1. Checking the structure you have, find out if any residue of the stretch 86-94 is part of a loop (DSSP other than H, G, I, E, B) and within 11 Å of the ligand (Cβ to nearest atom).
2. Just to check your reading of the model, which residue among 135, 113 is more than 7 Å from the ligand (Cβ to nearest atom), in contact with a Ser or Thr (Cβ under 8 Å, 6 or more places away or on another chain), charged (D, E, K, R) and on the phi < 0 side of the Ramachandran plot?
3. From the set of residues in the stretch 142-152 that are touching a strand residue (DSSP E or B) at 6+ places or on another chain (Cβ under 9 Å) and farther than 30 Å from residue 94 by Cβ, which is farthest from the ligand (Cβ to nearest atom)?
4. Which members of the stretch 96-121 meet the condition of being surrounded by fewer than 22 Cβ atoms within 10 Å (Cβ to Cβ) and out of contact with any Gly (no Cβ under 9 Å at 6 or more places or on another chain)?
5. Could you check the stretch 1-21 and list, in sequence order, the residues that are among the charged types (D, E, K, R) and either under 15 Å from residue 167 (Cβ atoms) or out of contact with any Gly (no Cβ under 9 Å at 6 or more places or on another chain) (or both)?
6. Looking at the structure I just gave you, is residue 9 among the hydrophobic types (A, V, I, L, M, F, W, C), in contact with a strand residue (DSSP E or B) (Cβ under 8 Å, 6 or more places away or on another chain) and surrounded by 14 or more Cβ atoms within 10 Å (Cβ to Cβ)?
7. Quick check on my filter: what residues within the stretch 16-30 are surrounded by fewer than 18 Cβ atoms within 10 Å (Cβ to Cβ), in contact (Cβ under 8 Å) with a residue 40 or more places away in the chain and of a type outside the set (Lys, Arg)?
8. Go through the stretch 122-151 residue by residue and tally those that are touching a Cys at 6+ places or on another chain (Cβ under 9 Å) and either buried (at least 16 other Cβ atoms within 10 Å of the Cβ) or at pLDDT below 95 (or both).
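The values are calculated or read from the model by the stated rules, or taken from the named source; none is laboratory data. The shown structure was predicted, so the numbers you read here are calculated from the model rather than taken from an experiment. Cβ placement follows ideal geometry from the backbone for every residue including glycine, while neighbour counts extend to all protein chains displayed.
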Amino acid sequence: MPAPRPGRVLVGERALRSRIAELGAEIVRRYAGEPPVVVGVLQGAFLFMADLVRAMPIDLATDFVRLESYGSGTTSTGQVRLTHDLATSIEGRDVLVVEDVVDTGLTLAALRRTLEARQPRSLRVCALCDKTGRRQVDVRVDWVGFTLPNVFVVGYGLDYGGLYRNLPHVVVLERI
Ligand code: 5GP
């Protein structure tokens, strides 16, 4: 069987640009007067986060967490571990988590529990992609960039075995 490779483009550069501009504007309206701490989930959200915060012209702060992820496969293990923590305290702050993909929801649910235990004033989530068809736990996502079918995607920050994060668009991983 051939090795999986990036195949058809699911979300192109132009669609990413215009949706992220919309999301930035909506999010800024929600946080009127009280800029959030924007928390990116490494590594997958790094490009999305970079573009999203540039679409949010307010005095926000940024920080990052890193979670144990899929490794080199394409299915969730259900095991979630914080391997890099925030540098800032979020107690009493408005927090916006920026995530790459919500799939089963297990990762985001665990991250929400961890961050909520630190008593932020509010905790909202913006995810680039949502695969609603595969959800195993009910987890709140406040803003979604794109709802995707049940396919494994790479590019625009998303990897397979550490590769393809630098592709400028979201593409389907295919055996071609
Ligand atoms: P969940 O716990 O919701 O099943 O999985 C969430 C995490 O799995 C995401 O943050 C992402 O790291 C990874 N993931 C889920 N779907 C995909 C996908 O289609 N492509 C890539 N590259 N990672 C994915």
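1. No.
2. Just a single option satisfies the conditions, and that option is 135.
3. 149
4. Across the stretch 96-121, the qualifying residues are 105, 109, 110, 111, 112, 113, 114, 115, 116, 117, 118.
5. 5, 8, 13, 14, 17, listed by residue number.
6. Answer is yes for this residue.
7. 26
8. So the count comes out to 6.
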